[in-house]
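Participant: Please see the structure below; I have some questions.
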Amino acid sequence: MKVIDLPIPEPLKKSYTVRGIEALYPPQDEAVRSGIFEGKNLLCAIPTASGKTIVAEMAMHRQVAEGGKCLYIVPLRALATEKYEDFSGKGLSVGVATGDLDRRDAYLGRNDIVVATSEKVDSLLRNKAQWLAEITLVVVDECHLIGSEDRGATLEMVIAKLRHNNPQIQVIALSATVGNPGALAGWLDAELVTSEWRPVDLREGVYWQGQIHFDNHTRKIPAGSKDDDLNLCLDTIAEGGQCLVFVNSRRNAEAFAKRAASKLKLSETTLESAADRIDRGASTELGRTLARCVKGGAAFHHAGLAAAERHEVEDGFRKGAIKVISSTPTLAAGLNLPARRVIVRDYLRFSQGGMVRIPVGEYKQMAGRAGRPHLDPYGEAVLIAKRENDREGLFETYIEAPPEEVHSQCNAENALRSHILSLITTGFARSRTDVLAFMETTFYAYEHQGRRSTIQETVERVVDDLVAAEMIDELDGWLEGTKYGNLVSRLYIDPRTAEAIVDGLRQRPPYADVGVLELLCETPDMLTLFLRKDDYEFVDRFLAERRDELWTGVPYGYDDLEGFFQSVKTTMLLLNWAEEVTDEMICERFNVGPGDIHNKVETAVWLIHATSRLAHLFSPELEEPIAELEIRVKHGIKRELLPLIKLRGIGRVRARRLFNAGLTTPEDLKAAGVRKLSPVLGEKIAARVVAQAGGKVEEIPDAETVDEPIPETPVEHQTSLSAFGGTENE
DNA sequence: GCAGCGTGCTTCTAGACAGCATGTC
DNA sequence: CTAGAAGCACGCTGC
């Protein structure tokens with residue numbers, strides 16, 4: 001089918017033809033024929049990179065042309081940004097909503113297309129964003145994640161809620177290939193399009209002793225070094241391609257990149273700039289190591305990297321300057337970063353109890369990254385066999401194996417507790433019968449139709465729990481959220497987290513930073529740091545001094561000493577951060593990367609906020625000190641910098657510099673004036689700051705500093721992110 | 001006596017969603 | 001269960 005013949009708006013057609021897209025790929029063709037333009041539901045289960053996004057995009061434009069509004073649900077923030085950029089500039093207005101990125105709520109709904117993470121959509125539903133009622137098409141990207149143990153239930157409930165609100169809503173679900181697409185399609189009342197077709201040929205093989213064995217031929221790999229994994233890389237690079245290597249630990253990723261960098265011997269100098277930028281921005285050993293690798297044309301990628309470092313690596317690879325990335329699973333499901341050859345070096349992954357094979361679906365996900373459309377003649381995915389019998393075995397377990405089936409996670413009590421609370425607080429259900437009726441519309445019920453299921457018992461038990469926890473009132477068979485329950489639902493915290501916090505607050509302990517933080521680190525919403533052997537002593541020394549400040553008390557016995565120590569270690573990291581310990585020191589002390597600090601801080605800020613709101617209900621005298629702690633942890637500052645941090649453009653580094661120069665309040669800055677501040681802050685920032693403090697800024701003509709109107713592009717929430725670059729670069 | 005190397009033992013291990021307030025020159 | 005890389009202490013070897 002030709003693009004010009006499609007019933008889609010002109011600007012979109014043009015954006016395709018400009019990019020050289022003139023005809024649809026076969027699976028896209030089939031999707032169009034299945035009736036997406038007539039409002040039919042669709043499950044499109046086709047390989048990575050075979051054009052799923054365009055299918056959804058065409059349908060969205062068509063919907064908007066007919067007066068509709070679209071919601072595009074993704075699993076990751078990075079993906080939300082990617083899709084936002086993808087959809088922008090083609091004639092429709094696009095917005096993004098994720099936890100750290102959004103347009104102000106009311107304006108968000110003015111867009112034709114809103115891209116959001118599943119949790120954000122759930123949160124918007126809980127907070128009753130009115131515009132959600134206007135959605136006529138919802139696209140569910142990576143919908144196989146319904147089967148994910150930790151987040152699948154959320155996605156499933158969100159879909160069910162949206163369909164409940166508007167039974168006419170069109171649903172387009174996109175997925176990599178799954179074992180049971182029929183079941184998912186059945187639940188969604190969707191047409192099913194499956195295909196193995198790919199725009200670039202994908203060859204999957206197993207490497208063993210100098211050769212890649214494909215199903216009907218082999219390929220010799222020159223032995224340039226003693227390492228097989230490296231040889232596979234060098235081979236691809238020698239013929240002008242790029243390589244993605246998946247390994248199972250951060251240490252392995254770093255070690256591989258170092259080895260690759262030393263062997264690559266590139267002549268180009270285009271890397272210098274990226275390497276220099278990383279090096280200049282790096283305030284940690286990790287960053288400096290990365291810079292050295294990048295200089296050699298190789299990079300590693302994992303969640304310990306600072307955001308800026310990740311972007312440098314991704315951009316450098318896209319531009320072709322970086323030839324190889326060794327990565328933990330961060331890149332497997334994340335951004336679209338294709339490479340000619342994908343090497344799945346480690347197919348075993350550590351889990352408590354031993355090494356476990358990665359799922360087939362995850363292998364397919366990684367393999368699917370091989371081959372860049374229009375750029376590579378073909379893509380290769382290579383598993384490395386470590387012993388003779390793996391040569392055959394890996395073919396069977398991965399290459400020829402069908403992907404896993406997707407099953408509902410909606411019968412898990414822990415997931416249901418939170419979702420049932422939200423059903424009741426938002427009025428989806430007003431009785432136990434209602435709750436069960438709603439659950440009947442889920443994929444879980446669809447999968448268990450005609451079979452005995454335990455969902456009713458689970459629901460009853462969960463409702464009992466919520467009533468006992470005073471989050472729900474039950475009167476004459478009617479269920480209603482209490483003030484407390486409503487708050488918990490809207491704060492989007494796990495009810496168990498809320499209970500733990502409220503238990504802590506109700507004891508009315510004397511306020512202590514340590515007490516609050518440790519309490520949060522004990523909740524299921526906070527993932528704690530890994531505990532190494534030497535950490536026991538490290539943590540114990542801290543406890544010896546400050547155990548009196550704990551709100552939870554030191555547990556008796558040795559039942560869960562490890563869990564407790566993990567929480568205390570995480571508490572220590574957060575305290576260090578709020579006491580202005582440098583990221584370099586924190587990384588060294590806790591064996592983490594800057595990205596880890598950011599993640600821990602972000603989660604902690606969210607939970608501290610929730611705690612202060614809960615304190616308002618249960619222990620009002622604690623609300624204010626907790627709110628103050630929230631600001632301190634958010635920015636990573638001691639109490640004395642609180643007045644300065646209120647100014648925009650001032651983060652932990654600049655505030656500290658001003659304070660040390662004797663300027664401790666906005667009034668001081670106003671009195672000092674732009675001229676005196678410029679040496680400390682730079683002229684531009686100085687002007688901005690003085691303007692905010694109420695001073696005159698005659699020196700600067702363009703004082704467009706005060707407050708911007710509605711931003712055209714999404715704004716990043718003010719977080720302490722800027723502090724992660726270490727030194728400021730303005 | 002000591003640098004350099006090999007051996008064997010110990011240690012360690014991926015990722016990442018979510019809140020909020022909102023009027024105005 | 002289905003592991004393997006890196007770091008380290010130690011001891012041997014060769015000069």
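Participant: Antiparallel as a % of all DSSP beta bridges within region A:3-194, to the nearest 5? All intermediate terms of the calculation are to be shown ahead of the outcome.
Facilitator: Values: 2 of 27 bridges.
Counting DSSP beta bridges with both partners in region A:3-194, the antiparallel share is about 5 percent.
Participant: Considering the options A:679, A:554, A:109, tell which one lies farthest towards the positive end of the dipole of chain A, charges being +1 on Lys and Arg and -1 on Asp and Glu at the Cβ, about the Cα centre.
Facilitator: The residue sitting most towards the positive pole is A:679.
Participant: A follow-up question, please. With an 8 Å cut-off on Cα pairs and a minimum separation of 6 or more residues, tell me the relative contact order of region A:202-399 in percent.
Facilitator: 28
Participant: Quick one: length gained pulling residue A:201 to residue A:628 fully straight, 0.36 nm per residue minus the C-alpha distance?
Facilitator: Details: separation 427, 0.36 × 427 = 153.72 nm, distance 5.68 nm.
Full extension of this stretch gives 148.0 nm more.
Participant: Can you bin every Cα-Cα distance in region A:413-489 into 5 Å intervals starting at zero and give me the percent of pairs per bin, rounded to whole numbers?
Facilitator: Over region A:413-489, the share of Cα pairs per 5 Å bin runs 3, 17, 30, 26, 14, 7, 3, 0 percent.
Participant: Then there's this: Determine the per residue accessible area of chain A with all protein chains present and a 1.4 angstrom probe, expressed in square angstrom.
Facilitator: Dividing the accessible area of chain A by its residue count gives 44 Å².
Participant: Let me ask something else about it. Can you tell me what share of the DSSP beta bridges in chain A is antiparallel? A percent to the nearest 5 is fine.
Facilitator: Around 30 percent antiparallel, to the nearest 5.
Participant: Quick one: length gained pulling residue A:464 to residue A:311 fully straight, 0.36 nm per residue minus the C-alpha distance?
Facilitator: Values: separation 153, 0.36 × 153 = 55.08 nm, distance 4.73 nm.
That works out to 50.4 nm of additional length.
Participant: Calculate for chain A the 222 nm mean residue ellipticity that helices alone would give, adding -39,500 (n - 2.57) per DSSP H run of length 4 or more and normalising by residue count, nearest 500 deg cm²/dmol.
Facilitator: -14000 deg cm²/dmol
Participant: So which GluC sites (Glu not before Pro) in region A:164-249 pass both tests, a DSSP loop state and at most 13 other Cβ atoms within 10 Å of the Cβ? If you can, show how the numbers build up before the last one.
Facilitator: On the way: sites: A:191, A:196, A:204, A:239; in loops: A:196, A:239.
Hits after loop and neighbour filter: A:196, A:239.
Participant: For residue A:540 and residue A:507, what does the FRET efficiency come to when R0 = 25 Å and r is the distance between their Cβ atoms, rounded to the nearest 0.05?
Facilitator: 0.55
Participant: Calculate how many DSSP beta bridges within region A:202-399 are antiparallel, expressed in % of all such bridges and rounded to the nearest 5.
Facilitator: Details: 10 of 33 bridges.
Close to 30 percent.
Participant: Taking a virtual spin label 7 Å from the Cα of residue A:1 along the C-beta vector, which residues in region A:149-176 bring their backbone nitrogen under 17 Å of it?
Facilitator: Answer for region A:149-176: A:171-174.
Participant: Oh, and also: Which pairs, out of A:14/A:69; A:220/A:263; A:120/A:638; A:14/A:120; A:40/A:69, put more than 24 Å between their alpha-carbon atoms?
Facilitator: In this structure, A:120/A:638; A:14/A:120 lie more than 24 Å apart at Cα.
Participant: Still on this structure, I have one more. Taking Rh as the Kirkwood radius computed over C-alpha pairs, what is the Stokes-Einstein D of chain A at 10 °C in a medium of viscosity 1.306 mPa s, expressed in µm² per second?
Facilitator: It diffuses with D of about 57 µm²/s by this estimate.
Participant: At most 15 other Cβ atoms within 10 Å and a DSSP loop assignment: could you name the GluC sites (Glu not before Pro) in region A:58-138 that fit?
Facilitator: Values: sites: A:66, A:82, A:85, A:119, A:134; in loops: A:66.
Of the GluC sites (Glu not before Pro), the ones in loops of region A:58-138 whose Cβ has at most 15 other Cβ atoms within 10 Å are A:66.
Participant: Now for a different question. Between residue A:579 and residue A:127, how many nm apart are label points set 7 Å from Cα along the C-beta direction?
Facilitator: Result: 3.4 nm between the two label points.
Participant: Tell me whether region A:321-454 comes out rounded, prolate or oblate; compute the Cα gyration tensor, take square roots of the eigenvalues as a ≥ b ≥ c, and use a/c under 1.5 as the rounded threshold.
Facilitator: It is prolate, given that a/c is not under 1.5 and a/b is the larger ratio.
Participant: What residues of region A:403-422 lie in the reach of a label at residue A:164, counting those whose backbone N is under 20 Å from a point 7 Å from the Cα along Cα→Cβ?
Facilitator: Under 20 Å, as judged by backbone N against the label point of residue A:164, lie A:408-422 of region A:403-422.
Participant: Ranked highest first by the average count of other Cβ atoms within 10 Å around their residues, in what order do A:216-224, A:618-626 fall? Mind showing how you got there, number by number?
Facilitator: Details: A:216-224: 12.1, A:618-626: 16.0.
In decreasing order of mean packing, A:216-224, A:618-626 become A:618-626, A:216-224.
Participant: So if R0 is 60 Å, what FRET efficiency would residue A:667 and residue A:19 give, r being the distance between their Cβ atoms, rounded to the nearest 0.05? Each step should come with its number before you reach the end.
Facilitator: On the way: r = 55 Å, r/R0 = 0.92.
Given R0 = 60 Å and the Cβ-Cβ separation, E is 0.60.
Participant: Between residue A:374 and residue A:451, 0.36 nm times their residue separation minus their Cα-Cα distance comes to what?
Facilitator: Value of the extension gain: 22.8 nm.
Participant: Quick one: check the C-alpha center-to-center distance for region A:83-158 versus region A:480-497, whole angstrom.
Facilitator: Here the answer is 22 Å between Cα centres.
Participant: Given the options A:347, A:378, A:528, identify the residue whose Cα lies farthest towards the positive end of the charge dipole of chain A (+1 on Cβ of Lys, Arg; -1 on Cβ of Asp, Glu).
Facilitator: About the Cα centre, the residue reaching furthest to the positive side is A:378.
Participant: Let me ask something additional. Round to a whole number: what % of the accessible area of chain A belongs to carbon and sulfur, probe 1.4 Å?
Facilitator: Within chain A, the accessible surface is 49 percent carbon and sulfur.
Participant: Between region A:650-693 and region A:386-433, how many Å separate their Cα centres?
Facilitator: 52
Participant: Provide the FRET efficiency to the nearest 0.05 for the residue A:215-residue A:319 pair, computing r from the beta carbons and using R0 = 35 Å.
Facilitator: 0.55
Participant: Still on this structure, please answer the following. Looking at this model, which pairs from A:161/A:634; A:319/A:364; A:676/A:696 are more than 22 angstrom apart at the alpha-carbon?
Facilitator: Numbers: A:161/A:634 33 Å; A:319/A:364 25 Å; A:676/A:696 13 Å.
Distance filter (> 22 Å) returns A:161/A:634; A:319/A:364.
Participant: Could you give the Stokes-Einstein D for region A:5-85 in µm² per second, using the C-alpha Kirkwood radius, 10 °C, 1.306 mPa s?
Facilitator: Rounded to a whole number, D works out at 117 µm²/s.
Participant: Okay, next question. Which value, in Å to one decimal place, does the Kirkwood hydrodynamic radius take for region A:202-399 when every pair of different Cα atoms is included?
Facilitator: One over the average 1/r among Cα pairs gives 16.8 Å for region A:202-399.
The values are calculated or read from the model by the stated rules, or taken from the named source; none is laboratory data. Given the structure is predicted, the values throughout are model-derived calculations rather than measurements. FYI the Cβ positions are ideal-geometry reconstructions off the backbone, even for glycines, and counts take in every protein chain you see. Only protein heavy atoms, including side chains, enter the accessible area calculation; ligands, DNA and RNA are left aside. Shrake-Rupley method; radii C 1.70, N 1.55, O 1.52, S 1.80 Å.
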